[in-house]
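Student: One structure, pasted below without further comment.
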Amino acid sequence: MAKARVYIPATYAMLAELEETGSLSARSGWGFMVTPALQEFYTEGDEEVAYSAFLEASMASMRLLAIGDEEKFPHRRVVISVDLDDSVLTPRPDMGEPVVELNPAQFSKDDLAAIHVDIAESEETTAKAIEAIDTADLGDEDAELAVGDALDKFMAFYHPTELPFLVELL
């Protein structure tokens, strides 16, 4: 079966759960990837299209953080990249060009391709974006700029084998 790269929005607590249990369910069963609808939207190369899907996942991570239940790192976005069989993915362009439904929603550490986490220097900007994300969705220009500033911030890359160290040392 063919595999596809899927970007899963997450939080630090979700990373800890993945390390502890060996598996994790995508929140509400949603992920982001390069879909036919997203490819139609872009005229540039595959890398730009994939980055767009990744950014949507990082914005969804901010929405998870906006819930307010993240204790250890409430202002750090997390995106988990996984390679999943096409058969478990259903594009949902009605929810947004890069949105896919995962069925089942659960994936394991064996599916990991990469982990991205906000660096400490990004926390202040991400905190402002978390506060503004709902207002940005309603079209407030200042809020959109705050969210854009956070999306422009660097997220550190971690290889899947670094998950135990990431969870333990951060």
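The values are calculated or read from the model by the stated rules, or taken from the named source; none is laboratory data. Just so it is clear, the model here is predicted, and its values are computed rather than measured. Note that we place each Cβ from the backbone using ideal geometry, even for glycine, and neighbour counts take in every protein chain shown. What goes into the accessible areas is simple: the full protein's heavy atoms, side chains included, and nothing from ligands, DNA or RNA. Shrake-Rupley method; radii C 1.70, N 1.55, O 1.52, S 1.80 Å.
Student: Taking interchain pairs and intrachain pairs at least six residues apart, which have beta carbon atoms under 6 angstrom, with the first residue in segment 127-148 and without any contact (Cβ under 8 Å) to a residue 12 or more places away in the chain and in a helix (DSSP H, G or I) and the second open to solvent by 50 Å² or more (accessible area, probe 1.4 Å) and among the polar types (S, T, N, Q)?
Tutor: Pairs that qualify, where the first residue is without any contact (Cβ under 8 Å) to a residue 12 or more places away in the chain and in a helix (DSSP H, G or I) and the partner is open to solvent by 50 Å² or more (accessible area, probe 1.4 Å) and among the polar types (S, T, N, Q), are ALA143/THR135.
Student: Let me ask something else. Quick one: would you say ASP110 is open to solvent by 30 Å² or more (accessible area, probe 1.4 Å) and over 19 Å from ALA10 (Cβ atoms)? Steps first, please.
Tutor: Working: open to solvent by 30 Å² or more (accessible area, probe 1.4 Å): yes; over 19 Å from ALA10 (Cβ atoms): no.
The answer is no for ASP110.
Student: For a quick check of your reading of the model, give me the residue pairs whose first member lies in segment 77-105 and is within 30 Å of GLU123 (Cα to Cα), whose second is surrounded by fewer than 17 Cβ atoms within 10 Å (Cβ to Cβ) and of a type in the set (Ser, Thr, Tyr), with beta-carbon atoms closer than 7 Å and at least 6 apart or on different chains.
Tutor: Note: pairs meeting the criteria are VAL100/THR90; GLU101/THR90; ALA105/SER25.
Student: Would you tally the residues in segment 66-75 being part of a loop (DSSP other than H, G, I, E, B) and surrounded by 15 or more Cβ atoms within 10 Å (Cβ to Cβ)? Write out each step before concluding.
Tutor: Our first condition is that a residue be part of a loop (DSSP other than H, G, I, E, B); within segment 66-75, this holds for 67-75.
Imposing the further condition that a residue be surrounded by 15 or more Cβ atoms within 10 Å (Cβ to Cβ) reduces the set to 70, 73-75.
Final tally of qualifying residues: 4.
Student: A follow-up question, please. Can you list residue pairs whose Cβ atoms sit under 8 Å apart, with the first residue in segment 113-126 being within 13 Å of LYS72 (Cβ to Cβ) and the second being open to solvent by 30 Å² or more (accessible area, probe 1.4 Å) and of a type outside the set (Phe, Trp, Tyr)? Count only pairs 6 or more apart in sequence or on different chains.
Tutor: The qualifying pairs are VAL117/LEU170; ASP118/HIS75; ASP118/LYS153; GLU123/HIS75.
Student: For segment 13-65, name all the residues that are modelled with pLDDT under 95, open to solvent by less than 30 Å² (accessible area, probe 1.4 Å) and of a type outside the set (A, V, I, L, M, F, W, C).
Tutor: THR35, SER52
Student: Any chance segment 8-30 includes a residue that's part of a loop (DSSP other than H, G, I, E, B), in contact with a Leu (Cβ under 8 Å, 6 or more places away or on another chain), among the β-branched types (Val, Ile, Thr) and touching a residue at least 40 places away in the same chain (Cβ under 8 Å)?
Tutor: If we filter segment 8-30 for residues that are part of a loop (DSSP other than H, G, I, E, B), which is where we start, we get 11, 22, 26.
Retained after the next criterion (residues that are in contact with a Leu (Cβ under 8 Å, 6 or more places away or on another chain)): 11, 26.
Retained after the next criterion (residues that are among the β-branched types (Val, Ile, Thr)): 11.
Filter again for touching a residue at least 40 places away in the same chain (Cβ under 8 Å), leaving 11.
Yes - at least one qualifying residue is present in segment 8-30.
Student: So which of LEU151, LEU170 ends up being touching a helix residue (DSSP H, G or I) at 6+ places or on another chain (Cβ under 8 Å) and open to solvent by 30 Å² or more (accessible area, probe 1.4 Å)? Full working, then the answer.
Tutor: Working: LEU151 fails: open to solvent by 30 Å² or more (accessible area, probe 1.4 Å).
From the options LEU151, LEU170, the qualifying one is LEU170.
Student: Are any residues in segment 1-31 in contact with a Gly (Cβ under 8 Å, 6 or more places away or on another chain) and of a type in the set (Phe, Trp, Tyr), and if so, which ones?
Tutor: TYR7
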